[in-house]
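Here's the structure we're looking at; comments come further down.
None of the figures in this text is laboratory data; all of them are computed from the coordinates on show. Predicted model, so just to flag it, every value in this text is computed and none were measured. All Cβ positions, even for glycine, are placed from backbone atoms using ideal geometry, and neighbour counts span all protein chains on display.
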Amino acid sequence: MRRRLNDAMGWVLLRLAVVLHRTVAGRTAAERLQGRRNAALRAAHHRGVSVPELAAGLGLTEGWVRQVLNGRKPPETAAVEDAA
């Protein structure tokens, strides 16, 4: 009986790992999180937080923050690393 319970729990844990992997590590999940971050960034700016403060708080450049605030997509990470 114990072996069957362990097998069943193993399958449940595997399914949980798959769901977590797809929701946390997937490309769409990363885009969703970035969208939420960008929305919070725009809301903070709308409530009076300046661009330099936003950039310093996130550790990003002011140009990047301005692009997000203007609704444009910021440059890709690989393009930024190539330019540096």
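At-a-glance table
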| quantity | calculated |
| --- | --- |
| Cα gyration tensor shape for segment 15-68, rounded if a/c is under 1.5, else prolate or oblate | prolate |
| 15 Å beta-carbon shell around L69, net charge (K/R +1, D/E -1) | +4 |
| Packing-based ranking, highest mean first, of 36-45, 60-69 given that Cβ atoms within 10 Å are counted | 60-69, 36-45 |
